[in-house]
Amino acid sequence: MNKKVIIIAEAGVNHNGNLDNAKKLILAAANAGADYVKFQTFKADKLVSKDAQKAEYQKVNTGKEDESMLEMVKKFELDKEFHIELINHCAKCNIKFLSSPFDIESVELLVDLELDLIKIPSGEITNKPLLRKVAQAGLPIIISTGMATHDEVASALEVLIEESVSKSEIVVLHCTTNYPAPLSEVNLKAMVQMGIDFGLRVGYSDHTEGIGVASTAVALGAVIIEK
């Protein structure tokens, strides 16, 4: 990773499983000047229990009361061909493709697609088999910490370092998992402290409205901003 602050535009699963929507998200990210546009790679049946029910807001937003969480998430699953289409479209739009894997098979897919870095989602930070698989890929690693405790971050880093990942190849992102995140819960000092405690470069995954907090994070040393 270079010294320039890297800007990642979070697309997530907002494509709703539709290729045209995904391409529009890529174009919007490119037009905004982002360096990367980030999606999510997963196998739904490895991520969601067949018995899990949707949250009330999901039932309202989808208009489908009887649909299970698994049925809904399955629609957002991207196969290899879909990934290749997106990677090729990113190249046309002069932006890089990035994705967060949620299972080992998805890590293997992203490595096979020859991405230049990989991002560990905060919900998988305690998934040691996945961490080891990511470490063995030999790629620079971004770790999101929005759903993790300080000790869980430390434990995840131990796994990566045990697999011979250099600290210079890891960036830890501070994040408040709230949408939108209120200013009172941002606590950018936590980002600074993680850099001190772990001896790593840091960044900020920004769920606040506007750009003020992200700009402040850069002033405090963030080398990556995800928005």
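Within segment 27-77, the trypsin sites (Lys or Arg not before Pro) that combine a DSSP coil assignment with at most 14 other C-beta atoms in a 10 angstrom radius are LYS50, LYS64, LYS75. Sparsely packed loop sites in segment 29-67 (the GluC sites (Glu not before Pro) outside DSSP H, G, I, E and B with at most 13 other Cβ atoms within 10 Å) comprise GLU65. Taking a straight Cα-Cα cut-off under 19 Å and skipping sequence neighbours fewer than 8 places away in the same chain, the lysines within cross-link reach of LYS38 are LYS4, LYS23, LYS24, LYS74, LYS75, LYS80, LYS92, LYS96, LYS119, LYS227. The dipole here belongs to segment 1-95: it is taken about the Cα centre, uses +1 on the Cβ of Lys and Arg and -1 on the Cβ of Asp and Glu, and is about 420 debye.
Each Cα pair under 8 Å and six or more residues apart adds its separation to the average, and for segment 44-171 the resulting relative contact order is 18 percent. Backbone phi angles across segment 141-148, fed through the Karplus curve with coefficients 6.51, -1.76 and 1.60 (θ = phi - 60°), yield HN-Hα couplings of 10, 10, 10, 8, 10, x, 10, 10 Hz in residue order; Gly and Pro are listed as x.
Across segment 1-85, C-alpha contacts under 8 Å between residues 6 or more apart give a mean separation that, scaled by the residue count, equals a relative contact order of 31 percent.
Using equal-weight Cα scatterers in the Debye expression, the normalised intensity of segment 15-78 in log10 at q = 0.12, 0.27, 0.30 Å⁻¹ is -0.40, -1.09, -1.20. Computed in the context of the full set of protein chains, the accessible area of segment 83-134 at 1.4 Å probe radius has 46% of its extent on carbon or sulfur. Taking Lys and Arg as +1 and Asp and Glu as -1, the other residues whose beta-carbon sits under 14 Å from that of GLU71 total 0.
Taken over the chain, the percentage of Cα pairs per 5 Å bin, counting from 0 up to the bin with the maximum distance, is 1, 7, 14, 18, 20, 18, 14, 7, 2, 0.
The values are calculated or read from the model by the stated rules, or taken from the named source; none is laboratory data. In this text the structure is predicted, and so the values were computed from the model without any measurement. Because the Cβ atoms are built from the backbone with ideal geometry, glycine has one as well, and the counts that use them run over all protein chains shown. These area figures cover heavy atoms from the full protein model, side chains too; ligands, DNA and RNA do not enter into them. Shrake-Rupley method; radii C 1.70, N 1.55, O 1.52, S 1.80 Å.
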